[in-house]
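Peer 1: Below is the structure I would like to discuss, written out as structure tokens.
The values are calculated or read from the model by the stated rules, or taken from the named source; none is laboratory data. From a predicted model like this one, the values you see are computed outputs, not experimental measurements. Positions of Cβ are backbone-derived with ideal geometry, glycine not excepted, and every protein chain shown enters the neighbour counts. What goes into the accessible areas is simple: the full protein's heavy atoms, side chains included, and nothing from ligands, DNA or RNA. Shrake-Rupley method; radii C 1.70, N 1.55, O 1.52, S 1.80 Å.
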Amino acid sequence: MVRYFEDVQVGEELPPLAKPITTVRLMMYGAATWDFMRIHYDADYARSRGFPGPIVDGQMLGAFLAQLVVDWAGDPGALKRLSIRYRAFVLPGDTVICKGRVEGKRLEGGQGLVECQLVA
């Protein structure tokens, strides 16, 4: 179901999206994006580089947040811009919970734009 600009309310919460993290998911993401950095799937290698184990590729977290917005908006072309700051490592065994809240909306050049604060 596509959401319409008129129906979006400031303060509205986006439905949370849960993503369990497994080594298999890390491997599949690496294969899909052609990103084969060993710190994302090889536990011994990651530990030899000072990490606690394989860590999630930051782009994967961005993909989760993009999915959150697109699922809520109902339109794959709805996402115009995404900015991310990383504050912690995510490891296999963790579950990433993506959440969002509408912070503002405006008309710009005849186009309805919605700004959301997202957290993973």
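Peer 1: Helix 58-73: angle to the longest alpha-carbon principal axis of the chain, degrees 0 to 90, nearest 10?
Peer 2: Taking the Cα atoms of the chain, the angle to 58-73 is about 30 degrees.
Peer 1: A follow-up question, please. With everything on Cα atoms, drop me the angle between helix 23-33 and the longest principal axis of the chain, reported from 0 to 90° to the nearest 10.
Peer 2: With both axes taken from Cα atoms, the answer is about 70 degrees.
Peer 1: Using a Förster distance of 22 Å, how high is the FRET efficiency between D75 and M37, based on the Cβ-Cβ distance and rounded to 0.05?
Peer 2: With R0 = 22 Å, the Cβ-Cβ based efficiency is 0.10.
Peer 1: Carbon and sulfur atoms: what percent of the 1.4 Å accessible area of the range 1-107 do they account for?
Peer 2: Numbers: 3920 of 6970 Å².
Reported share for carbon and sulfur atoms: 56 percent.
Peer 1: What's the magnitude of the charge dipole for the chain around its Cα centre, counting Lys and Arg as +1 and Asp and Glu as -1 at the beta-carbon? Answer in Debye, nearest 20.
Peer 2: That gives a dipole near 360 debye.
Peer 1: Hey, another quick one. Label-point separation (nm) for R49 and R3, each offset 7 Å from Cα along Cα-to-Cβ?
Peer 2: It works out to 3.6 nm between the two label points.
Peer 1: Chymotrypsin sites (Phe, Trp or Tyr not before Pro) within the range 1-105: which are DSSP loop residues with at most 12 other Cβ atoms inside 10 Å?
Peer 2: Details: sites: Y4, F5, Y29, W34, F36, Y41, Y45, F64, W72, Y86, F89; in loops: Y4, W34, F36, Y41, Y86, F89.
Here the sparse-neighbourhood loop sites are Y4, W34, F36, Y86.
Peer 1: In the range 1-65, which GluC sites (Glu not before Pro) are in a loop and have at most 16 other Cβ atoms within 10 Å, using DSSP for the loop call?
Peer 2: Answer in residue order: E12.
Peer 1: Leaving out ligands and nucleic acids, note down the accessible area per residue over the chain with a 1.4 angstrom probe, in whole Å².
Peer 2: Result: 66 Å² per residue.
Peer 1: Report Rg(Cα)/(2.2 N^0.38 Å) for the chain, keeping two decimals.
Peer 2: Here the Cα radius of gyration is 1.23 times the empirical estimate.
Peer 1: In deg cm²/dmol, rounded to 500, what helix-only [θ] at 222 nm does the chain give when every DSSP H run of at least 4 residues adds -39500 (n - 2.57) and the total is split over its residues?
Peer 2: My calculation for the chain gives -8500 deg cm²/dmol from helical runs alone.
Peer 1: Given charges of +1 on the Cβ of Lys and Arg and -1 on the Cβ of Asp and Glu, with all other atoms neutral, how large is the dipole of the range 49-120 about its Cα centre, in debye to the nearest 20?
Peer 2: Using Cβ point charges on Lys, Arg, Asp and Glu, the range 49-120 gives about 240 debye.
Peer 1: What is the spin-label model distance, in nm, from Y86 to E13 if the labels are put 7 Å beyond Cα along the C-beta direction?
Peer 2: For the pair Y86/E13, the computed spacing is 2.9 nm.
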